[in-house]
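Beneath this line is the structure, given in C-alpha coordinates, with notes to follow.
The values are calculated or read from the model by the stated rules, or taken from the named source; none is laboratory data. The structure displayed is predicted, hence computed values, not measured ones. FYI the Cβ positions are ideal-geometry reconstructions off the backbone, even for glycines, and counts take in every protein chain you see.
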Amino acid sequence: MRAKPTTAAEGHYHYQVIRRALEAIDAAGPQASLEALAAGVGMSPAHFQRVFSAWVGVSPKRYQQYLALDHARALLSEHFTTLDTADAVGLSGSGRLHDLFLRWEAMSPGDYARRGAGLKIRWGWFDSPFGRMLAMGTGRGLCGLAFAEETGDEATMADMRARWPQAEFVEDPAAIAPWVAAALGQSGEARLHLIGAPFQIKVWEALLAIPSGQVTTYGEIARAIGNPKAVRAVGTAVGRNPVSWLIPCHRALRKSGGLGGYHWGLPVKRAMLAWEAARAESGA
(Lines give C-alpha, C1' and ligand atoms only; values in the text may rest on other atoms or scores of the structure.)
Protein backbone atom coordinates (compact mmCIF):
# COMPACT_ATOMS: atom_id res chain seq x y z
CA MET A 1 0.00 0.00 0.00
CA ARG A 2 1.44 3.34 -1.00
CA ALA A 3 2.01 6.06 1.55
CA LYS A 4 -0.14 9.14 1.27
CA PRO A 5 1.82 11.99 -0.37
CA THR A 6 2.99 14.66 2.01
CA THR A 7 2.99 18.40 1.55
CA ALA A 8 6.30 20.25 1.51
CA ALA A 9 5.67 21.65 4.99
CA GLU A 10 4.93 18.16 6.30
CA GLY A 11 8.09 16.92 4.62
CA HIS A 12 10.13 19.60 6.39
CA TYR A 13 8.64 18.60 9.74
CA HIS A 14 9.23 14.92 9.04
CA TYR A 15 12.86 15.55 8.13
CA GLN A 16 13.38 17.13 11.53
CA VAL A 17 12.10 13.91 13.08
CA ILE A 18 14.30 11.81 10.79
CA ARG A 19 17.34 13.92 11.64
CA ARG A 20 16.76 13.32 15.33
CA ALA A 21 16.08 9.66 14.63
CA LEU A 22 19.49 9.40 12.94
CA GLU A 23 21.12 10.49 16.17
CA ALA A 24 18.96 8.13 18.22
CA ILE A 25 19.68 5.16 15.94
CA ASP A 26 23.41 5.87 15.92
CA ALA A 27 23.43 6.13 19.71
CA ALA A 28 21.22 3.10 20.40
CA GLY A 29 22.38 0.76 17.62
CA PRO A 30 20.38 -1.25 15.07
CA GLN A 31 18.53 -3.28 17.72
CA ALA A 32 16.79 -0.28 19.25
CA SER A 33 13.08 -0.86 19.81
CA LEU A 34 10.29 1.28 18.42
CA GLU A 35 9.62 2.52 21.93
CA ALA A 36 13.24 3.55 22.45
CA LEU A 37 13.42 5.36 19.12
CA ALA A 38 10.14 7.16 19.77
CA ALA A 39 11.38 8.24 23.19
CA GLY A 40 14.59 9.51 21.59
CA VAL A 41 12.66 11.95 19.42
CA GLY A 42 10.10 12.84 22.10
CA MET A 43 7.07 11.11 20.54
CA SER A 44 4.70 8.34 21.38
CA PRO A 45 5.43 5.07 19.50
CA ALA A 46 2.17 5.38 17.55
CA HIS A 47 2.87 8.96 16.43
CA PHE A 48 6.46 8.12 15.57
CA GLN A 49 5.26 5.21 13.42
CA ARG A 50 2.75 7.45 11.61
CA VAL A 51 5.41 10.07 10.84
CA PHE A 52 7.69 7.45 9.36
CA SER A 53 4.90 5.99 7.26
CA ALA A 54 3.88 9.42 6.00
CA TRP A 55 7.46 10.31 5.10
CA VAL A 56 8.55 7.13 3.33
CA GLY A 57 5.99 4.33 3.61
CA VAL A 58 7.91 1.69 5.58
CA SER A 59 8.11 0.88 9.28
CA PRO A 60 10.73 2.53 11.50
CA LYS A 61 12.29 -0.89 12.07
CA ARG A 62 12.79 -1.40 8.34
CA TYR A 63 13.97 2.14 7.94
CA GLN A 64 16.69 1.56 10.54
CA GLN A 65 18.36 -0.75 8.05
CA TYR A 66 18.48 2.04 5.47
CA LEU A 67 19.85 4.55 7.95
CA ALA A 68 22.54 2.21 9.26
CA LEU A 69 26.06 3.45 8.64
CA ASP A 70 26.89 0.34 6.62
CA HIS A 71 23.90 0.77 4.30
CA ALA A 72 26.12 2.47 1.73
CA ARG A 73 28.18 -0.70 1.42
CA ALA A 74 25.04 -2.76 0.93
CA LEU A 75 23.84 -0.34 -1.74
CA LEU A 76 27.16 -0.59 -3.50
CA SER A 77 27.06 -4.38 -3.60
CA GLU A 78 23.35 -4.77 -4.41
CA HIS A 79 22.37 -1.63 -6.34
CA PHE A 80 25.55 -0.60 -8.13
CA THR A 81 25.08 1.16 -11.47
CA THR A 82 27.71 0.96 -14.18
CA LEU A 83 27.69 4.19 -16.14
CA ASP A 84 28.97 2.49 -19.28
CA THR A 85 25.26 2.08 -20.08
CA ALA A 86 24.38 5.68 -19.26
CA ASP A 87 23.14 6.36 -22.78
CA ALA A 88 20.74 3.43 -22.55
CA VAL A 89 19.51 4.41 -19.10
CA GLY A 90 19.66 8.18 -19.26
CA LEU A 91 16.78 10.46 -18.51
CA SER A 92 14.44 8.59 -20.83
CA GLY A 93 14.51 5.50 -18.62
CA SER A 94 14.90 4.63 -14.98
CA GLY A 95 17.34 7.48 -14.42
CA ARG A 96 14.45 9.91 -14.16
CA LEU A 97 13.79 11.05 -10.64
CA HIS A 98 10.28 9.97 -9.54
CA ASP A 99 9.28 9.54 -13.21
CA LEU A 100 9.79 13.27 -13.56
CA PHE A 101 10.27 14.73 -17.01
CA LEU A 102 13.50 16.68 -16.74
CA ARG A 103 15.00 19.03 -19.33
CA TRP A 104 18.37 20.66 -18.92
CA GLU A 105 20.81 22.83 -20.79
CA ALA A 106 24.26 24.09 -19.92
CA MET A 107 25.70 27.57 -19.96
CA SER A 108 28.44 28.08 -22.54
CA PRO A 109 32.06 28.11 -21.31
CA GLY A 110 32.30 31.78 -22.22
CA ASP A 111 29.24 32.68 -20.18
CA TYR A 112 30.56 30.65 -17.25
CA ALA A 113 33.89 32.48 -17.41
CA ARG A 114 32.05 35.76 -16.88
CA ARG A 115 31.03 34.46 -13.44
CA GLY A 116 27.37 35.28 -13.89
CA ALA A 117 27.80 38.82 -15.23
CA GLY A 118 24.58 39.94 -16.94
CA LEU A 119 22.62 37.04 -15.44
CA LYS A 120 19.54 37.54 -13.26
CA ILE A 121 19.06 34.78 -10.69
CA ARG A 122 15.79 34.63 -8.79
CA TRP A 123 15.73 32.83 -5.47
CA GLY A 124 13.52 31.75 -2.59
CA TRP A 125 13.30 29.47 0.43
CA PHE A 126 11.10 26.37 0.30
CA ASP A 127 10.27 23.40 2.51
CA SER A 128 11.34 19.98 1.23
CA PRO A 129 11.41 16.37 2.45
CA PHE A 130 15.00 17.06 3.56
CA GLY A 131 14.41 20.27 5.42
CA ARG A 132 14.74 23.90 4.47
CA MET A 133 15.79 24.32 0.84
CA LEU A 134 17.19 27.31 -1.05
CA ALA A 135 16.21 27.32 -4.73
CA MET A 136 17.64 29.57 -7.44
CA GLY A 137 16.71 29.91 -11.10
CA THR A 138 17.40 31.86 -14.27
CA GLY A 139 14.95 32.38 -17.09
CA ARG A 140 15.94 28.95 -18.44
CA GLY A 141 15.45 26.84 -15.34
CA LEU A 142 16.67 26.00 -11.86
CA CYS A 143 20.37 26.68 -11.42
CA GLY A 144 20.63 25.93 -7.71
CA LEU A 145 19.10 23.73 -5.01
CA ALA A 146 20.76 23.74 -1.59
CA PHE A 147 19.80 22.31 1.81
CA ALA A 148 20.31 24.40 4.92
CA GLU A 149 19.41 22.11 7.83
CA GLU A 150 23.03 21.30 8.64
CA THR A 151 24.79 24.42 7.36
CA GLY A 152 22.30 27.17 8.28
CA ASP A 153 20.50 29.73 6.12
CA GLU A 154 23.20 32.39 6.08
CA ALA A 155 26.08 30.07 5.14
CA THR A 156 23.95 28.31 2.52
CA MET A 157 23.00 31.58 0.85
CA ALA A 158 26.60 32.86 0.91
CA ASP A 159 27.84 29.60 -0.59
CA MET A 160 25.41 29.71 -3.51
CA ARG A 161 25.87 33.43 -4.25
CA ALA A 162 29.65 32.99 -4.32
CA ARG A 163 29.37 30.57 -7.25
CA TRP A 164 28.18 33.34 -9.60
CA PRO A 165 29.44 36.50 -7.88
CA GLN A 166 28.72 38.86 -10.78
CA ALA A 167 25.07 37.84 -11.17
CA GLU A 168 22.11 39.94 -10.05
CA PHE A 169 20.20 38.10 -7.30
CA VAL A 170 16.51 38.88 -6.83
CA GLU A 171 14.29 37.35 -4.16
CA ASP A 172 11.28 36.06 -6.12
CA PRO A 173 10.11 32.62 -4.94
CA ALA A 174 6.88 32.80 -6.94
CA ALA A 175 8.82 32.97 -10.22
CA ILE A 176 10.57 29.64 -9.62
CA ALA A 177 7.86 27.90 -7.55
CA PRO A 178 6.53 25.78 -10.48
CA TRP A 179 10.01 24.37 -11.15
CA VAL A 180 10.52 23.72 -7.45
CA ALA A 181 7.20 21.84 -7.27
CA ALA A 182 8.30 19.73 -10.21
CA ALA A 183 11.69 19.12 -8.62
CA LEU A 184 9.98 17.78 -5.51
CA GLY A 185 7.92 15.42 -7.65
CA GLN A 186 4.63 17.21 -7.09
CA SER A 187 3.65 18.32 -10.59
CA GLY A 188 4.85 19.66 -13.92
CA GLU A 189 8.22 19.66 -15.63
CA ALA A 190 11.56 20.43 -14.01
CA ARG A 191 13.93 22.54 -16.07
CA LEU A 192 17.60 22.97 -15.18
CA HIS A 193 20.11 25.57 -16.28
CA LEU A 194 23.52 24.15 -15.41
CA ILE A 195 26.10 26.82 -14.69
CA GLY A 196 29.54 25.29 -14.42
CA ALA A 197 32.87 24.62 -16.10
CA PRO A 198 32.84 22.07 -18.97
CA PHE A 199 34.46 19.34 -16.84
CA GLN A 200 31.97 19.90 -14.03
CA ILE A 201 29.02 19.67 -16.43
CA LYS A 202 30.32 16.36 -17.81
CA VAL A 203 30.40 14.99 -14.25
CA TRP A 204 26.91 16.32 -13.47
CA GLU A 205 25.57 14.79 -16.70
CA ALA A 206 26.94 11.41 -15.57
CA LEU A 207 25.23 11.85 -12.19
CA LEU A 208 21.90 12.40 -13.97
CA ALA A 209 22.16 8.88 -15.41
CA ILE A 210 22.16 7.17 -11.98
CA PRO A 211 18.68 5.71 -11.34
CA SER A 212 16.83 6.50 -8.14
CA GLY A 213 17.56 3.91 -5.45
CA GLN A 214 20.94 3.01 -6.97
CA VAL A 215 24.48 4.26 -6.47
CA THR A 216 27.83 4.41 -8.21
CA THR A 217 31.41 5.35 -7.31
CA TYR A 218 33.57 8.38 -8.02
CA GLY A 219 35.89 6.09 -10.01
CA GLU A 220 33.02 4.83 -12.13
CA ILE A 221 32.01 8.41 -12.93
CA ALA A 222 35.61 9.21 -13.93
CA ARG A 223 35.62 6.27 -16.34
CA ALA A 224 32.23 7.22 -17.75
CA ILE A 225 33.43 10.71 -18.70
CA GLY A 226 36.64 9.38 -20.27
CA ASN A 227 39.04 10.44 -17.49
CA PRO A 228 39.63 7.27 -15.43
CA LYS A 229 42.52 8.82 -13.49
CA ALA A 230 40.62 11.96 -12.55
CA VAL A 231 38.90 10.49 -9.49
CA ARG A 232 39.92 13.34 -7.21
CA ALA A 233 38.79 15.97 -9.71
CA VAL A 234 35.50 14.11 -10.14
CA GLY A 235 35.00 14.16 -6.38
CA THR A 236 35.54 17.92 -6.36
CA ALA A 237 33.07 18.42 -9.22
CA VAL A 238 30.49 16.21 -7.48
CA GLY A 239 30.86 18.36 -4.37
CA ARG A 240 30.36 21.52 -6.42
CA ASN A 241 27.07 20.34 -7.90
CA PRO A 242 24.79 23.37 -7.55
CA VAL A 243 21.51 21.51 -8.05
CA SER A 244 21.51 18.96 -5.25
CA TRP A 245 18.86 16.24 -5.29
CA LEU A 246 17.89 16.69 -8.95
CA ILE A 247 21.50 16.14 -9.97
CA PRO A 248 21.91 13.23 -7.53
CA CYS A 249 25.40 13.72 -6.11
CA HIS A 250 24.18 11.85 -3.01
CA ARG A 251 24.28 8.64 -5.10
CA ALA A 252 28.07 8.85 -5.54
CA LEU A 253 30.03 6.77 -2.99
CA ARG A 254 33.62 5.84 -2.33
CA LYS A 255 34.92 2.59 -3.81
CA SER A 256 35.11 1.20 -0.26
CA GLY A 257 31.38 1.78 0.19
CA GLY A 258 31.94 4.77 2.46
CA LEU A 259 29.57 7.67 2.09
CA GLY A 260 32.30 10.10 1.19
CA GLY A 261 31.46 13.75 1.69
CA TYR A 262 28.33 15.75 1.06
CA HIS A 263 28.36 19.50 0.65
CA TRP A 264 25.17 20.05 2.65
CA GLY A 265 25.97 17.62 5.47
CA LEU A 266 26.25 13.84 5.72
CA PRO A 267 22.98 13.47 7.68
CA VAL A 268 21.16 14.91 4.64
CA LYS A 269 22.98 12.50 2.28
CA ARG A 270 22.11 9.51 4.47
CA ALA A 271 18.49 10.59 4.69
CA MET A 272 18.27 11.00 0.89
CA LEU A 273 19.72 7.54 0.21
CA ALA A 274 17.46 5.97 2.82
CA TRP A 275 14.39 7.83 1.53
CA GLU A 276 14.99 6.65 -2.03
CA ALA A 277 15.72 3.04 -1.07
CA ALA A 278 12.69 2.78 1.19
CA ARG A 279 10.34 4.34 -1.37
CA ALA A 280 11.67 1.99 -4.06
CA GLU A 281 10.83 -0.96 -1.81
CA SER A 282 7.39 0.34 -0.86
CA GLY A 283 6.45 1.31 -4.42
CA ALA A 284 5.67 4.86 -3.33
- Message: Which condition from (1) assigned to a helix (DSSP H, G or I); (2) crowded, with 19+ Cβ neighbours inside 10 Å is the one that Phe199 breaks?
- Response: (2)
- Note on the structure: In the range 223-245, residues that are charged (D, E, K, R) and either in a loop (DSSP other than H, G, I, E, B) or within 16 Å of the chain's Cα centre (by Cα) (or both) total 2
- Per the list (1) buried (at least 19 other Cβ atoms within 10 Å of the Cβ); (2) at pLDDT below 95, residue check on Leu145 breaks on (2)
- Can you spot a residue in the range 109-118 that is touching a strand residue (DSSP E or B) at 6+ places or on another chain (Cβ under 8 Å), modelled with pLDDT under 85 and either crowded, with 18+ Cβ neighbours inside 10 Å or not assigned by TED's automatic domain parsing to the domain that holds Ala224 (or both)? no
- All positions within the range 257-284 that are at pLDDT 80 or above and among the basic types (Lys, Arg): Lys269, Arg270
- Item | Gly137 being surrounded by 23 or more Cβ atoms within 10 Å (Cβ to Cβ) and either at pLDDT 90 or above or part of a helix (DSSP H, G or I) (or both) | yes
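Take Val170 and tell me if it is surrounded by 20 or more Cβ atoms within 10 Å (Cβ to Cβ) and touching a strand residue (DSSP E or B) at 6+ places or on another chain (Cβ under 6 Å). Give the steps one after another, and end with the answer.
Details: surrounded by 20 or more Cβ atoms within 10 Å (Cβ to Cβ): no; touching a strand residue (DSSP E or B) at 6+ places or on another chain (Cβ under 6 Å): yes.
Considered against the rule, which asks whether it is surrounded by 20 or more Cβ atoms within 10 Å (Cβ to Cβ) and touching a strand residue (DSSP E or B) at 6+ places or on another chain (Cβ under 6 Å), Val170 comes out as no.
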- Task: Could you grab the pairs with beta carbons closer than 7 Å, sequence gap of 6+ or different chains, first residue in the range 39-64 and over 19 Å from Ala278 (Cα atoms), second one surrounded by fewer than 20 Cβ atoms within 10 Å (Cβ to Cβ) and modelled with pLDDT of 80 or more?
- Result: Pro45/Leu34; Pro45/Glu35
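Given the structure, is Gly185 surrounded by fewer than 20 Cβ atoms within 10 Å (Cβ to Cβ), in a loop (DSSP other than H, G, I, E, B) and touching a helix residue (DSSP H, G or I) at 6+ places or on another chain (Cβ under 6 Å)?
Against the criterion (surrounded by fewer than 20 Cβ atoms within 10 Å (Cβ to Cβ), in a loop (DSSP other than H, G, I, E, B) and touching a helix residue (DSSP H, G or I) at 6+ places or on another chain (Cβ under 6 Å)), Gly185 qualifies.
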- Item | In the range 212-221, residue surrounded by the most Cβ atoms within 10 Å (Cβ to Cβ) [restricted to those that are of a type outside the set (Ser, Thr, Tyr) and closer than 12 Å to Leu273 by Cα] | Val215
- Out of the range 247-258, which residues are surrounded by fewer than 22 Cβ atoms within 10 Å (Cβ to Cβ) and touching a Leu at 6+ places or on another chain (Cβ under 6 Å)? Gly257
- Answer with yes or no whether Gln166 is farther than 24 Å from Ala271 by Cβ and assigned to a loop (DSSP other than H, G, I, E, B). yes
